[in-house]
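Heads up, the thing below is written out as structure tokens.
The values are calculated or read from the model by the stated rules, or taken from the named source; none is laboratory data. For clarity, every value in this text was computed on a predicted model and none was experimentally measured. Note that each Cβ is placed from the backbone with ideal geometry, even for glycine, and that neighbours are counted across all protein chains shown.
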Amino acid sequence: MLVWERPEPPDRPVPAPLSRERIVRAAIRLADADGLTAVSLRKVAAVLEVGPMRLYGYIATKEELLELMVDAVYAEIRPTGDGWRAALRSLAEATRRAAHRHEWFADLIGGRPQLGPNTLATGNAVVAAMDGVGVDTIVPATAAVNAYVVGAVRREIAERRAERATGTDKEQWQAALGPYLERTFATGRLPALESVVRDGPHPTPDETFDSGLALLLDGIATRIEK
């Protein structure tokens, strides 16, 4: 039986009350502080001041725990606004904000579909907002937005982690690589790329995300209008 449907053990107030919700919240605190490598049933049990074996009555494996953690974050993600475009945009923006609050979340999305109750509720809200749009468009449109968001937030989180690991921010990294690019462009072999680097826009991460999402939504709009 899946963890979503498996009943919890009877409440035992001694030595400490326990529930799946308490276990998941403790695991999320660990992951927020030190990443997924800090999450194990043993470490979660230590935070909750209970023996590790008590957790197995609620969660059978670490994989189940990770699924529950992802679904808990999806409770923070709800599309808002009227119409399909507002719903898809708000879904993308809310998912990005959640990934920035919980960096580990970016590592766990994008694979097999998550089927927890909060995740399904988010999906239902999106589909409901796309009322009137054919299912042949709803499925690829939502898949495209989800794929864009996963790729974008993973790149942003990877850059954050690189900055922490190296102690250099984006501007310092660009300054260090600048002389190399100047020498490379001086060869004349990359004129198209040189023109983009020299004359193109240099948007902030927010602007990059917004403009890419707008291009995607414009394409979806063209499909719907047909």
Determine which member of the set A16, A87 is at pLDDT below 95, over 23 Å from the mean Cα position of the chain (by Cα) and among the hydrophobic types (A, V, I, L, M, F, W, C).
A16
So which pairs qualify, if the first residue must be in the stretch 153-174 and more than 14 Å from R101 (Cα to Cα), the second must be surrounded by 12 or more Cβ atoms within 10 Å (Cβ to Cβ) and of a type in the set (S, T, N, Q), the Cβ gap must be under 9 Å, and the two must be at least 6 apart or on different chains?
A162/T168; E163/Q172; T166/Q172
Quick one: in the stretch 21-43, which of the residues that are crowded, with 18+ Cβ neighbours inside 10 Å and farther than 26 Å from R160 by Cα is nearest to the chain's Cα centre (by Cα)?
I23
Inter-residue pairs, beta-carbon under 6 Å, first under 14 Å from A143 (Cα atoms) and in the stretch 110-125, second of a type in the set (A, V, I, L, M, F, W, C), 6+ apart
G110/V150; Q114/V70; T122/I77
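Answer yes or no: is there a residue in the stretch 183-196 that is part of a helix (DSSP H, G or I) and in contact with an Asp or Glu (Cβ under 6 Å, 6 or more places away or on another chain). Steps first, please.
First, pick out the residues of the stretch 183-196 that are part of a helix (DSSP H, G or I): 183-185, 191-196.
In the following step, the residues that additionally are in contact with an Asp or Glu (Cβ under 6 Å, 6 or more places away or on another chain) were identified as 185.
Within the stretch 183-196, one or more residues are part of a helix (DSSP H, G or I) and in contact with an Asp or Glu (Cβ under 6 Å, 6 or more places away or on another chain).
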L115 being part of a helix (DSSP H, G or I) and either buried (at least 20 other Cβ atoms within 10 Å of the Cβ) or modelled with pLDDT under 95 (or both)
no
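Kindly indicate whether any position in the stretch 150-169 is touching a Phe, Trp or Tyr at 6+ places or on another chain (Cβ under 6 Å) and part of a helix (DSSP H, G or I). First the steps, then the outcome.
Within the stretch 150-169, the first condition is being touching a Phe, Trp or Tyr at 6+ places or on another chain (Cβ under 6 Å), and the residues that meet it are 152.
Filter once more, so that each one left must be part of a helix (DSSP H, G or I): 152.
Yes, the stretch 150-169 contains a residue that is touching a Phe, Trp or Tyr at 6+ places or on another chain (Cβ under 6 Å) and part of a helix (DSSP H, G or I).
How many residues, within the stretch 71-95, are buried (at least 21 other Cβ atoms within 10 Å of the Cβ) and of a type outside the set (S, T, N, Q)?
Of all residues in the stretch 71-95, those buried (at least 21 other Cβ atoms within 10 Å of the Cβ) come to 71, 73-74, 77, 79, 84, 87-88, 91-92, 95.
From what is left, the residues that are of a type outside the set (S, T, N, Q) are 71, 73-74, 77, 79, 84, 87-88, 91-92.
The total comes to 10.
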Residues to consider are R54, R25, R29; find the one that is outside the structural domain of E163 (by TED's automatic domain parsing), more than 27 Å from I220 (Cβ to Cβ) and touching a Leu at 6+ places or on another chain (Cβ under 8 Å).
R54
Residues that are in contact with a Pro (Cβ under 9 Å, 6 or more places away or on another chain) and of a type outside the set (K, R), drawn from the stretch 41-61
L41, V44, A45, A46, E49, V50, G51, G57, Y58
The lone exception for P201 - which of (1) touching a residue at least 24 places away in the same chain (Cβ under 8 Å); (2) more than 26 Å from T142 (Cα to Cα) it fails:
(1)
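Among the candidates A144, A125, A121, which residue alone is at pLDDT 85 or above, in the same structural domain as G83 (by TED's automatic domain parsing), surrounded by 11 or more Cβ atoms within 10 Å (Cβ to Cβ) and under 21 Å from F209 (Cα atoms)? Spell out how you get there, then give the answer.
Working: A125 fails: under 21 Å from F209 (Cα atoms); A121 fails: under 21 Å from F209 (Cα atoms).
It is A144.
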